[in-house]
Amino acid sequence: MTIKFYAPLWGNNLAFESFCKQVKEAGYQGVEMDLPQETKQKDLLLAILKDHDLELVGQYYQSFETDPKANLNSYEKYLRHLIAANPVLINCQTGKDYFALEENLPLFQVAERLSKDSGIPITHETHRGKCLYAAPVAKQYFESLPNLRICLNISHWCNVHESLLEDQKEIVDLAISRTDHIHSRVGHAEGPQVNDPRAPEWETALDAHLNWWGKVIELHRNSDRDLTICTEFGPYPYMPTFPYSEKPLANQWEINVYMMNLLKNRFHI
């Protein structure tokens with residue numbers, strides 16, 4: 001059983017080669033990112049990842065179509081595009097929160113078929129605005145799809161339910177049992193990202209998330225299954241800023257490296 005850490009490309013302002021060098025030196029095993037459609041540009045990025053011995057977690061978030069059928073067609077196109085790059089995993093912000101259950105289900109069916117054909121695991125993220133945006137809604141999908149595996153980005157649920165989910169333990173435990181990928185961002189009752197998890201005022205929120213992630217790690221260790229973690233603290237507007245200047249309140253890169261090292265030390269990774 002291995003646990004690997006991935007840096008998010010989201011928020012990076014460095015040249016990609018410089019970013020990959022930084023990622024490797026920090027101790028990550030790879031990068032979570034989307035891929036451009038243009039072949040030459042995509043191949044260049046993949047070559048740079050390979051040169052730095054970094055793995056790829058493919059990222060899908062392009063759920064912009066408001067018609068379910070158009071959304072489904074686009075979804076399959078992007079998944080095939082990512083599969084062609086042979087990532088270790090694909091993480092999807094699947095569906096829409098305003099699609100009905102029966103409109104979102106075909107997306108999962110396509111993902112399951114493509115995953116089976118390619119051998120590449122596909123997880124579905126618990127993300128606001130997408131079909132797994134809330135705990136009781138996600139439960140409906142868990143009950144309908146016995147093979148559904150997720151990326152647990154539980155910071156979103158804290159925001160959606162305006163709590164640290166103290167009253168939804170049963171559903172949270174169910175989600176934990178379905179988790180194969182983690183986005184280790186700390187959320188709170190009024191937002192999907194605390195300004196700095198190192199600050200003492202966020203200790204309660206941080207401890208809640210560490211408890212959830214610890215349960216995922218324990219399950220994977222007990223079943224000898226690999227686990228992937230992306231330290232996905234993001235830039236503005238996830239990162240709060242000072243008014244007028246829009247200067248970030250904390251350093252995104254430093255926080256993500258801190259979260260990786262915190263998890264490694266706490267869970268003996």
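Listed values, structure above:
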| quantity | calculated |
| --- | --- |
| Segment 205-257 - Kirkwood radius from inverse mean 1/r over Cα pairs (Å) | 13.4 Å |
| Mean separation of Cα contacts under 8 Å (6+ apart) over length of segment 75-123, as relative contact order % | 51 percent |
| Solvent-accessible heavy-atom area per residue, rounded to whole Å², over segment 1-67 at 1.4 Å | 51 Å² |
| Net charge of Cβ neighbours under 14 Å - reference residue 23; Lys, Arg +1; Asp, Glu -1 | -4 |
| For the chain: relative contact order, % (alpha-carbon pairs under 8 angstrom, 6 or more apart) | 17 percent |
| Alpha-carbon Debye profile of segment 80-129, log10 I(q)/I(0) at 0.14, 0.17, 0.19 Å⁻¹ | -0.36, -0.52, -0.64 |
| Separation of the residue 84 and residue 145 label points, Cα + 7 Å toward Cβ, nm | 2.4 nm |
| Long pairs among 169/264; 77/169; 69/139; 50/215, criterion Cα-Cα beyond 27 Å | 77/169; 50/215 |
| FRET efficiency for residue 34 and residue 241, using Cβ-Cβ distance with R0 set to 25 Å, rounded to 0.05 | 0.55 |
| Square roots of five times the Cα gyration tensor eigenvalues for segment 107-238, Å | 25, 16, 15 |
| DSSP beta bridge pairing in segment 135-257, given as percent antiparallel to the nearest 5 | 25 percent |
| Most fluctuating residue given options 180, 97, 34, as computed from a GNM of the chain linking Cα atoms under 10 Å | 97 |
| Karplus 3J(HN,Hα) series, Hz, for segment 139-144 with 6.51 cos²θ - 1.76 cosθ + 1.60 (x for Gly, Pro) | 4, 4, 6, 4, 6, 7 |
| Accessible-area composition of the chain, carbon plus sulfur, in percent [1.4 Å probe] | 50 percent |
| Gain on full stretching of the segment that runs from residue 215 to residue 251 - 0.36 nm per residue minus C-alpha separation | 10.1 nm |
| DSSP bridge pairs, the chain: antiparallel proportion in percent, nearest 5 | 5 percent |
| Inter-label distance for residue 100 and residue 65, nm, one decimal - labels placed 7 Å from Cα along Cα-to-Cβ | 1.9 nm |
| Descending Cα extents along the principal axes, segment 1-118, whole Å | 45, 34, 25 |
| Computed over segment 174-224, Cα set: Rg, Dmax in Å | 12.2, 36 |
| Whole-number accessible area per residue in Å² for segment 173-239, which is evaluated in the context of all protein chains at 1.4 Å | 38 Å² |
| Cα-based convex hull, the chain, per residue volume (Å³, whole number) | 136 Å³ |
| Directionally averaged shadow of segment 73-167, computed from the convex hull of its alpha-carbon atoms, nm² | 6.2 nm² |
| FRET efficiency, 1/(1 + (r/R0)^6) with R0 30 Å, evaluated for residue 117 and residue 41 via beta carbons | 0.70 |
| Under-5 Å amide H pairs with residue 55, H placed in peptide plane, nonlocal only | 30, 31 |
| Between segment 40-117 and segment 193-262, the alpha-carbon center distance in angstrom | 24 Å |
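The values are calculated or read from the model by the stated rules, or taken from the named source; none is laboratory data. Owing to the predicted nature of the structure, the values given are computational and were not obtained by experimental measurement. Every residue, glycine among them, receives a Cβ derived from its backbone with ideal geometry; neighbour counts consider all protein chains shown. Heavy atoms of the whole protein, side chains included, go into the accessibility calculation; ligands, DNA and RNA do not. Shrake-Rupley method; radii C 1.70, N 1.55, O 1.52, S 1.80 Å.
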